[in-house]
Every structure is written in structure tokens, then in C-alpha cells.
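Take a look at the structure below.
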Amino acid sequence: MRSKIVAGNWKMNKTAGQTNALLAELSAKLPDTRAEVMVAPVFVNLTQAVGQLGGSKIEVVAQNMHFADNGAYTGEVAADMLLDIGIKTVILGHSERRAYFGEDDALLAKKVQQALAKQMRVIFCFGEELADRKAGNHFNVVESQLKNALFALPADAWKQIVLAYEPVWAIGTGETASPEQAQEMHAFIRQLIAGGYGDALAQNVSILYGGSVKPGNAAEIFSKPDVDGGLIGGASLVADDFIGIIKGIG
């Protein structure tokens, strides 16, 4: 049975003190839930967060990592460095990494392979831009991103893969994605996996939705049969909002 997951991507936000305060509030207010709950602070606060949440049901995850074991990659972080401080899950392929830092499918495939080789769990992000959606090319874009980065993996590697669909066109653009549009794409994604690896495997892959989930729409979005939770951005920076979203999954 696939996992229900609510993951908060904090992006480039929160100082050490602010991280401490938010984690304390989340820990105090965390409801009893069937979902796995994750938070991804900035790199410099990961060690602090792992220590603060020791014994908690909240998992600390990383926002990114490099594909190399080590070397002359200024500003980058390796898998072993994350593992050494207790991080076992990493977000890869986020739309902002693709847009602002030029990460393409080939690079992301290398990152995924490195994470899996280190026995890490991967939250793999993908999704179409507004122009793709308006042109009716959204299914083709998503299919290409998934196949190029993930479909060379052996079937057993998918046990370590969580997918996060980001409709980039619905994040900060004034456009709105409906729960029905989320379900339509999630069903398409699951069918793609079934086509490549079989239905049994596809039914065990968690697919998260990353399109501006809020406390007010979380329950409806999460009720869709192929939506297994959310990758939450801005709303994860406010404890009551993030808690409200977690409650939406039950």
C-alpha cells in the first residue's frame, strides 16, 4: 500500500532561530495522522533540525544534492554529507532548480541514480509550464520528464521513489488548478508507470501534488484517488497552515 505524505519545502527561508521556533510549534501541534510528515529546511539548518526533531514523527529531508561523491563543486552538497547528519530523503528536480539553475533531465537522472546508490529516498519533482498547458502539451512534457529521468531505473529502485507533480503554471501565476485537473494528471502519471513497469508497481508509487495546496483546499485535493499527498511550499512556513494541510489528509 502506498504512503500518504505531506512534505514542506521551506526553500530559501528561515534563519536558525526561526527554524527552531517553527519546528517547535509544528511538533507541539502535530495531529495524529496516517501521513508521513516531512520538512526540508535550508542546508545550514539541517543538522539543527535533525537534532531538534529526534524521536519526532516529522522527518527532516534535503532540498537538493549533487551527483558526485565529492570534489571541486563549490557550493554543492554530497549524499554522504547528508547521510552523515541523518538525512535519508532528498528532493530532486524541483521546478525552481530546473528554471533558475538549468537542471535538465540528463542531470537529474544522474542525481537520482546517485541518491539511490546511497540508499536514499527521492522525492522527484516534475511538471509543465503555463505555455505547455495552454498549448495542450502538458501530458507530453510530463511524460518526457519522467521517462528521461526515471524510466531507465530497474523496477526495484521504484521502492525509493516518491513523485511530486508540480503544475508550474498554477504557482504564482494567477491561474488556478482544480482538484479535477490534479487527479487527471496523477491518473495519467500512474498509467505511464504502469505502461513501463506494470500496474502492481504503479499502484505502489506515491504521487504528491505540488500546486499551491492550502488548508482550505487540501482535503478535496487529497480525496482524489490518485493524489497521495502534497509537496507544500509557502504554506509550510506557517505552522497553523501546514498543520491544517496535514489534517486535510486525515
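The values are calculated or read from the model by the stated rules, or taken from the named source; none is laboratory data. Worth saying up front: this structure is predicted, and the values here are computed from it rather than measured. A quick note on method: Cβ atoms are made from the backbone with ideal geometry, for glycine too, and the neighbour counts reach across all protein chains shown.
Of all residues in segment 96-115, those that are farther than 12 Å from A152 by Cα, among the aliphatic types (A, V, I, L, M) and surrounded by fewer than 19 Cβ atoms within 10 Å (Cβ to Cβ) total 2.
Taken as a whole, the condition of being closer than 15 Å to A62 by Cβ, basic (K, R), at pLDDT 95 or above and buried (at least 21 other Cβ atoms within 10 Å of the Cβ) does not apply to K118. Listed by first and then second residue, the pairs linking a residue in segment 22-46 that is without any contact (Cβ under 8 Å) to a residue 24 or more places away in the chain and over 20 Å from F124 (Cβ atoms) to a residue that is among the aliphatic types (A, V, I, L, M) and surrounded by 18 or more Cβ atoms within 10 Å (Cβ to Cβ), with Cβ atoms under 9 Å apart and 6 or more places separating them unless they lie on different chains, are A28/A239. For segment 202-247, the set of residues classified as under 30 Å from A157 (Cα atoms) and over 17 Å from the mean Cα position of the chain (by Cα) consists of A202, Q203, S223, K224, P225, listed by residue number. Please tell me if A62 is under 30 Å from L201 (Cα atoms) and over 18 Å from the mean Cα position of the chain (by Cα). It is false that A62 is under 30 Å from L201 (Cα atoms) and over 18 Å from the mean Cα position of the chain (by Cα).
Of everything in segment 135-144 that's free of Cβ contacts under 8 Å to residues at least 40 places away in the same chain and in a helix (DSSP H, G or I), which residue is nearest to D105 (Cα to Cα)? Here the answer is S144. If you filter segment 5-21 down to residues that are in contact (Cβ under 8 Å) with a residue 60 or more places away in the chain and over 14 Å from A62 (Cα atoms), you find that the one that is surrounded by the fewest Cβ atoms within 10 Å (Cβ to Cβ) is K14.
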